[in-house]
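> First, the structure itself, so that you have it in front of you.
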Amino acid sequence: MLGLYKLGNLAQVAFIVLALATLFLHCCFYQTALPLRHRDPYRHKFLELSIMLLTFALCMTVSAPVNQLVFAMPAATKYAELRYIAGAITIVQALSWYHRHVGAELILPAGILMLPACDGLSPWNLLAAMVLLAARSIYGIPRARERLRHEVSNDSIHEALNTLPTGIMFADGNGSIILTNTRMLALMQRYSGKQFRNANTLWQQLEKIRFPLLQKRWVGEKMLFRVQNGPSYLAARQKIKAGMDTYQQLTITDVTDEDRSALKLEAQLETLRAGSKQLRATLDNLEALQKQQTLAEVTSQIHDLLGQRITILQQLLNNQDAHNYEDMIPLMQNVMQDLRNDVREDAHVTLENIVATYAAIGVTITLAGELPAEREMAQAFVSIIREAATNSVRHSHADLIQIVMTRQKGRQYLQTTDNGIAPAGEVHFSTGLNGIQHRIERLGGTLTVQAKPRFTLLIEVPVPRTGTQA
């Protein structure tokens, strides 16, 4: 240590200032890194305390020459035991923390240089130790601050909770509050006039709360509050298990935008329901309307036919030269035959009426192919098309229905497809599909129902051998 005593007064003071600065830097680093989380926090604190002891011994050593002259205090050699203890502890700690991102690569040589065995290099061994320890603190302080910005800690958790727009409170099993944020405190003060110290008491107050301009309703186990011409809040409470303990979490969330959107959706849903009822009523009347249109057309045909025949008979009766009334009998028979033929509903006319009827309410039915030549099969196909169209509009809300009729290799095919909403689950045969099934079975055919991607009916019927082949 003679080298330390050989230094001038100014150099000794500089050494003391540098040693105190090193101690100050380490205290700053320790204070900055204290909130950080570590896998082994107690060992980490012991490491920092051993470095602080080493720095303290360094300060005592470099200040000994001045203190000895001014205050008659012990010489620097009197601190050899303290230096041995502090250096040995620091070396052991540095070795155990080597390659653990704590600056052990700088701490280890500093601990070695502080040992009295290195006093042959005095005072440069002390200077090097101070530089190494100061460098470790200078390097570690910004890294600790950076970790604090990204690492979860008690302060960061509390800060994050206070920035939430949702009021949140944590309590133990008895309701005693453990943690709450400023938003929850503000909501309690605003709507209750006081701040509660127990989560159970707060929840009971929420259940009892009544205001003239406040609407409250339960949404499952949650409470929805609507302030007239104001915000909407959703209060919820749930239990949290943490090991053997049970905690409570109580939240009050501002759901104004979501609630207003839900109200708009409910209003639209009511409008759709009313429109759906009207549409169902319209569809229920489609059959009667179609029959009325067919009846009007048939009536018109009968009127035209009878008018024509009656005019011919009247001309014959008014003709004085006509005396052979037996010639009128075939004419009367033809009238009755024509009446019977025309009164019976024609499948093509019915199909046209169906297409026109649905077109009147904005539903397009496209036809590809021709009805079967066989009258019974054609009438059955028309009935199937009518029922399929009704189901597509009523259940799938379709506005486009495609009908394709083909005949191949002695079999007649009918396919109906709509652009409506496909069934979410399995297709169930109700009255409509059962009616279609029965008509097809009477003709000896088969029915295939396909739900995805579009609701499709495929009918396959064998053509009678006496029927016209395509």
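No lab work stands behind these numbers, since they all come straight from the coordinates. Since the model is a prediction, treat every value here as computed from it, not as a measurement. Note that each Cβ is placed from the backbone with ideal geometry, even for glycine, and that neighbours are counted across all protein chains shown.
> Under unit Cβ charges (Lys, Arg +1; Asp, Glu -1), what dipole magnitude, rounded to 20 debye, does the range 347-470 have relative to its Cα centre?
So the dipole magnitude of the range 347-470 works out to roughly 260 debye.
> Then there's this: Rounded to the nearest 0.05, what FRET efficiency do R454 and D257 have when you use their Cβ-Cβ distance and R0 = 30 Å?
With R0 = 30 Å, the Cβ-Cβ based efficiency is 0.25.
> How many nm separate the modelled label positions at E146 and I240, each set 7 Å beyond the Cα in the direction of the Cβ?
Computed distance between label sites E146 and I240 equals 3.1 nm.
> Out of S122, A144, G111, whose Cα points farthest toward the positive end of the dipole of the range 2-150 (charges: +1 Lys, Arg; -1 Asp, Glu; placed on Cβ)?
Comparing the listed Cα positions along the dipole, A144 ranks first.
> To check my understanding: the extent here is largest minus smallest coordinate of the Cα atoms along each principal axis. What are those three numbers for the range 2-150, in Å, largest first?
Projected onto its principal axes, the Cα set of the range 2-150 covers 50, 26, 22 Å.
> Hey, what's the per residue convex hull volume over the C-alpha atoms of the range 109-265, in cubic angstrom?
Per-residue hull volume (Cα only) is 201 Å³.
> Run the simple label-point estimate for L164 and A117 please: 7 Å along Cα→C-beta, distance reported in nm.
Inter-label distance under the simple model: 5.7 nm.
> Using Cα positions and a limit of under 23 Å, work out the lysines in reach of K264, with same-chain residues fewer than 8 apart set aside.
The reachable lysines, counting only those whose Cα sits under 23 Å from K264, are K216, K222, K277.
> Cut-off 19 Å, label point 7 angstrom out along Cα-to-Cβ of L95: give me the residues of the range 105-125 whose amide nitrogen falls inside.
105-118
> Suppose R0 equals 30 Å; then what is the FRET efficiency for D40 and V17 from their Cβ-Cβ distance, rounded to the nearest 0.05?
0.30
> For q values of 0.11 Å⁻¹, compute log₁₀ I(q)/I(0) with the Debye formula on a Cα-only model of the range 347-470, without solvent.
For the requested q values the scattering log ratios are -0.35.
> Order these peptides, 173-186, 380-393, by their mean beta-carbon neighbour count within 10 angstrom, highest first.
380-393, 173-186
> Could you work out how much longer the chain between E221 and D284 gets when fully extended? Use 0.36 nm per residue separation minus the Cα distance between them, nm to one decimal.
Result: 18.5 nm gained on full extension.
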